[in-house]
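Participant: Quick one: structure below, then a few questions.
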Amino acid sequence: MTSVVATNQTILVVGGGISGMTAALEAAETGKQVVLVEKNPYLGGRTVQLYRYFPKMCHPTCGLEINLRRLKANPRIQVLTMAEVTGITGDKGAYNISVKLKPRYVNENCTACGECGKAVKTEIDDAFNYNLGKIKAAYLPSSMAYPQRYVIDSSIVGTADGEAAKAACKYNAVDLGMQEEVVTLNAGAIVWATGWQPYDATKIVYYGYGRFKNVISNVEFERLADPHGPTGGKILRPSDGKEAKNVAFIQCAGSRDENHLRHCSRFCCMASLKQTHYVQEAFGDAGKSTIYYIDIRAIDRFEDFYQNVKANPNVSFIKSKVARITEDKDSNPVCNGVNVEGYKRYATAHDLVVLALGMEPSVKGIEIPAEVMSDSSGFIMADPANAGIFGAGCATNALDVNRAVQSATAAALRAIQVVNKVARAEA
Amino acid sequence: MSDMNTQMAERYKNNFLKEIEEQAEMGEWVKMCMQCGLCSGSCPTNFHSGWDHPPQEIFMLIRAGKREEVLNAQGMYMCTSCYNCYVRCPRKVPVTHVMHGIAEYAYRIGRAPKTQPTMHLSKTFWTNATKNGRVNEVQLTQSLYFKDGISAGIKKAMEMQSVALGLVKAGRLNLLEAVGIAHKCKDVKGIHAMLAKAKELEAKRKEAKA
């Protein structure tokens, strides 16, 4: 059994992405006890799946490393991975939470030597790379994964492959007898930081995502550009592995649309502007990017980033929401629409189309097992009715990394105030 | 009729947007357009030569107060009511209905072109269908074929001969309809009364606006 030490002075942080890690660290560094619960086998969430951040174009591994070092140095945080909150009872200052832990089939002895991965033959979808490739069923989710321990997929447990993984392990780390368990713990306050997921692109039928191989999403494009991704950092299109030198970015794919996501997802304009850099870096002047947009919303202080991209002669901007994507005989996706500047029709073929998908909360307000107020998109709203539950990061709004961290720090402060009150009452 | 045109132009002087909002059906949606172009791109008639101004350009022209350009435009008559734009519009603007609203308004104030084919179809269809509560298919196709004169009509009819014969053989087309012996709905009087009432209500509504 997994044991968790938690009292009513503990803060529970749900979600171990950049927001959850930040909230947990900020609270723990003021001396609070924190339990950090993460659904995936590793921390870092969607941020670690990015190739680079805007605006400084630095690598997320850098920021993650700092956070991991803070985490490892702090004895007040207990991390539960492959864990999901299934029930919350009680009230502000005295919550009782049940957490379901999925078996990892690998214990703390693991040194990430990789022998089990070599022994196993079964391959599964590579979730870390948005299923763009396959990985062995005994795997390390990413090179930066924390905890740095392998995971054995439940599909090979009880098969010869599972036994092979166990036999290959020199450290007695593979435990195929692990069972799913439910632990209950107490907490005074909860920070809900379950983050976001890209909007389901197959719902935007006229863009043909899922039907046309060379129509991909912005999160998948991040993986293509990443040296740790399925193509080793080469921007190759999925249909034939040809270098995608002529890339179209379609903004507001799902966002600002009453039929899909009602809100502006805020980050996608900057994300596409950033991704034009990837094309430029990979192919130089041979790399051409086209951004189809309604209007560019370079949020906050990033107007100069937009102006710099605009000044690049290899990037063109077309003010139009693409109405339809078709495919020509060479499986090039063709963008069809009408350019608002001049109202002329176009049908332009590209090597690759990247849909700048919007953000929706990965756990909608109504799915949270507690009374939490949320807006029509499912984002948590700040409301006194939420009592001791505070939304953080992309669970509260469509945010970029920078703003998510700010939001998480604010949520940590609110949670600290609650447990301080509990501490005073108990003293 | 064209008096009404001058009257309206005089009344709304420099505010064509207001004129459309108040006078054209669904006109109040024009200002909701965010100029994304999804409607125009989705329009199946946008390859047609008559398609001078796509919907989102018409919306913009209205907002820019270009009264003459809009009322002389052909775009709104080109709509085939496929509803592609309507279902896709990210702002839920009922584009199809707005286009019909503008077309109807242009017709009402006497600005619709006399020979516009879609308008001709709408009028012919309406007169035909409301007479018996059912469409008289033979008379309808006849009136459409012979729209551009007798020789053009005969030529068109010859082209479609095999289709017509096929329909007759399958029992889908009654040639007696040509001489007015046509199927009717059960309660023709009721339909006429209903349409008369609808017309009365619409007239009342338009009077209130005028």
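Throughout, read-outs are computed from the coordinates displayed, never taken from laboratory work. Quantities reported herein were computed from a predicted structural model and do not represent experimental measurements. Every residue, glycine as well, gets a Cβ built from its backbone with ideal geometry; the counts of neighbours run over all protein chains shown.
Participant: Would segment A:199-359 count as rounded, prolate or oblate if I go by the C-alpha gyration tensor, calling it rounded below 1.5 in a/c and otherwise prolate when a/b exceeds b/c, oblate otherwise?
Facilitator: Working: a/c = 1.25, a/b = 1.08, b/c = 1.17.
Cα axes put segment A:199-359 in the rounded bin.
Participant: Between segment A:18-40 and segment B:114-134, how far is it from one alpha carbon centroid to the other, in angstrom?
Facilitator: Answer, in whole Å: 70.
Participant: Using the alpha-carbon centroid of each, what span in Å lies between segment B:9-44 and segment A:353-386?
Facilitator: For segment B:9-44 versus segment A:353-386, the Cα centre distance is 34 Å.
Participant: According to a simple spin-label model (label point 7 Å from Cα along Cα-to-Cβ), what is the distance in nm between A:Asp91 and A:Ser143?
Facilitator: 5.2 nm
Participant: Normalising by the residue count of segment A:199-359, find the relative contact order in percent from Cα pairs under 8 Å and 6+ residues apart. Please list the in-between numbers first.
Facilitator: On the way: 323 pairs, mean separation 48.5, N = 161.
Relative contact order for segment A:199-359 comes out at 30 percent.
Participant: Which of B:Leu38, A:Leu185, A:Leu25, A:Leu176 has the fewest other C-beta atoms within 10 Å, and how do the rest follow up to the most? Provide the component values of the computation, followed by the final result.
Facilitator: Working: B:Leu38 29, A:Leu185 21, A:Leu25 25, A:Leu176 17.
Listed from fewest to most nearby Cβ atoms, that is A:Leu176, A:Leu185, A:Leu25, B:Leu38.
Participant: Going by how many other Cβ atoms sit within 10 Å of their own, how do A:Arg211, A:Arg70 line up, fewest first?
Facilitator: Numbers: A:Arg211 11, A:Arg70 17.
Fewest-to-most Cβ neighbours within 10 Å comes out as A:Arg211, A:Arg70.
Participant: On to the next question. If R0 is 56 Å, what FRET efficiency do you get for B:Gln161 and A:Asp304 from their C-beta distance, rounded to 0.05?
Facilitator: 0.20
Participant: For the charge dipole of segment A:340-427, defined by +1 on Lys and Arg C-beta atoms and -1 on Asp and Glu C-beta atoms about the Cα centroid, which residue among A:Ser377, A:Tyr346, A:Ala425 has the Cα displaced farthest towards the positive pole?
Facilitator: A:Ala425
Participant: Run the numbers on chain B and let me know its relative contact order in percent, using alpha-carbon pairs under 8 Å that are six or more apart.
Facilitator: Working: 214 pairs, mean separation 40.2, N = 210.
After rounding, I find 19 percent.
Participant: Going by C-beta contacts inside 10 Å, put A:Thr396, B:Thr96, A:Thr2, A:Thr159 in order with the fewest on the left.
Facilitator: Working: A:Thr396 25, B:Thr96 21, A:Thr2 11, A:Thr159 15.
Going from least to most buried by this count: A:Thr2, A:Thr159, B:Thr96, A:Thr396.
Participant: As an exercise, use a Förster radius of 41 Å and the Cβ-Cβ distance of A:Lys344 and A:Asp200 to find the FRET efficiency, rounded to the nearest 0.05. All intermediate terms of the calculation are to be shown ahead of the outcome.
Facilitator: Working: r = 32 Å, r/R0 = 0.78.
Computed FRET efficiency for A:Lys344 and A:Asp200: 0.80.
Participant: In terms of the Cα gyration tensor, with a ≥ b ≥ c the square roots of its eigenvalues, is chain B rounded because a/c is under 1.5, prolate because a/b exceeds b/c, or oblate? Write down the numbers at each step before the final one.
Facilitator: Details: a/c = 2.04, a/b = 1.59, b/c = 1.29.
Prolate, because a/c is 1.5 or more and a/b exceeds b/c.
Participant: Follow-up question, since we're still on this one. Taking the Cα centre of segment B:29-96 as origin and charging only Cβ (+1 Lys, Arg; -1 Asp, Glu), how large is the dipole, in debye to the nearest 20? Don't jump to the answer; show the numbers that get you there.
Facilitator: Working: 7 positive and 4 negative charges, 71 e Å.
In debye, rounded to 20, segment B:29-96 gives about 340.
Participant: Still on this structure, I have one more. Under the Karplus relation 6.51 cos²θ - 1.76 cosθ + 1.60, θ = phi - 60°, what is the ordered set of whole-Hz ³J(HN,Hα) values for segment A:395-402, x standing for Gly and Pro?
Facilitator: Per residue, the Karplus-derived 3J(HN,Hα) values read 6, 9, 5, 7, 10, 8, 4, 3 Hz.
Participant: Moving to a separate point now. Let me check I've understood the local charge: for A:Glu327, count other residues with C-beta under 15 angstrom from its C-beta, Lys and Arg +1, Asp and Glu -1. What total comes out? Don't jump to the answer; show the numbers that get you there.
Facilitator: Details: positive: A:Arg211, A:Lys213, A:Arg237, A:Lys242, A:Arg324, A:Lys329; negative: A:Asp240, A:Asp328, A:Asp330, A:Asp351.
After counting each charged neighbour, the total is +2.
Participant: In whole Å, what is the distance between the alpha-carbon centres of segment A:170-209 and segment B:166-182?
Facilitator: 65 Å
Participant: Contact order normalised by length for chain A, with contacts defined as Cα pairs under 8 Å and 6 or more residues apart; what percent is it? Intermediate results must be reported in sequence, preceding the final value.
Facilitator: On the way: 969 pairs, mean separation 82.7, N = 427.
That works out to 19 percent.
Participant: Also: Charges only on Cβ, +1 for Lys and Arg, -1 for Asp and Glu: so what's the dipole of segment B:55-173 about the Cα centre, in debye to the nearest 20? Before the final figure, lay out each step's value.
Facilitator: On the way: 17 positive and 7 negative charges, 51 e Å.
Dipole size: approximately 240 debye.
Participant: Can you give the helix-only mean residue ellipticity at 222 nm for chain A, where every DSSP H stretch with n ≥ 4 adds -39500 (n - 2.57) and the sum goes over all residues, rounded to the nearest 500 deg cm²/dmol? Let's see the in-between values first.
Facilitator: Details: 8 runs with 98 residues, N = 427.
Per the formula, -7000 deg cm²/dmol.
Participant: Now, a different point. For segment A:275-427, build the charge dipole from Cβ charges (+1 Lys, Arg; -1 Asp, Glu) around the Cα centre, then report which of A:Phe305, A:Val405, A:Thr276 sits farthest towards its positive end.
Facilitator: A:Phe305
Participant: Taking chain B as a Gaussian network, Cα atoms linked when under 10 Å apart, which of B:Ile109, B:Ile20, B:Ile154 shows the biggest mean-square fluctuation?
Facilitator: B:Ile154
Participant: Lys/Arg Cβ at +1, Asp/Glu Cβ at -1, dipole of segment A:200-241 taken about the Cα centre: which of A:Val219, A:Pro230, A:Thr202 is farthest positive-ward?
Facilitator: It is A:Thr202, whose Cα lies furthest towards the positive end.
Participant: Note down the nm distance, to one decimal, between modelled labels 7 Å out along Cα→Cβ at A:Ser316 and at B:Thr115.
Facilitator: Simple spin-label model gives 3.8 nm for this pair.
Participant: Same structure again: About the Cα centre, and with charges only on the beta carbon of Lys, Arg (+1) and Asp, Glu (-1), how big is the dipole of the protein assembly as shown? Nearest 20 debye, please. Please report the intermediate quantities before stating the final value.
Facilitator: Details: 77 positive and 63 negative charges, 284 e Å.
Here the size comes out at about 1360 debye.
Participant: Hey, can you grab everything whose amide H is under 5 Å from the amide H of A:Ile291? Only 5+ residues off in sequence or another chain; H modelled, so Pro and N-termini drop out.
Facilitator: Hits under the 5 Å cutoff: A:Phe249, A:Ser316, A:Phe317, A:Ile318.
Participant: To the nearest 0.05, what FRET efficiency results for A:Cys58 and B:Cys82 with a Förster distance of 56 Å applied to their C-beta separation? All intermediate terms of the calculation are to be shown ahead of the outcome.
Facilitator: Working: r = 49 Å, r/R0 = 0.87.
Given R0 = 56 Å and the Cβ-Cβ separation, E is 0.70.
Participant: Extending each Cα 7 Å along its Cβ direction at A:Thr184 and A:Lys364, get the distance between those two points in nm, one decimal.
Facilitator: 3.0 nm
Participant: Please list 3J(HN,Hα) in residue order for segment A:256-262, calculated via the Karplus relation 6.51 cos²θ - 1.76 cosθ + 1.60 where θ = phi - 60°; whole Hz, with x for glycine and proline.
Facilitator: 6, 9, 4, 8, 10, 9, 6
Participant: Rg(Cα) of segment B:1-122 divided by 2.2 N^0.38 Å?
Facilitator: 0.98
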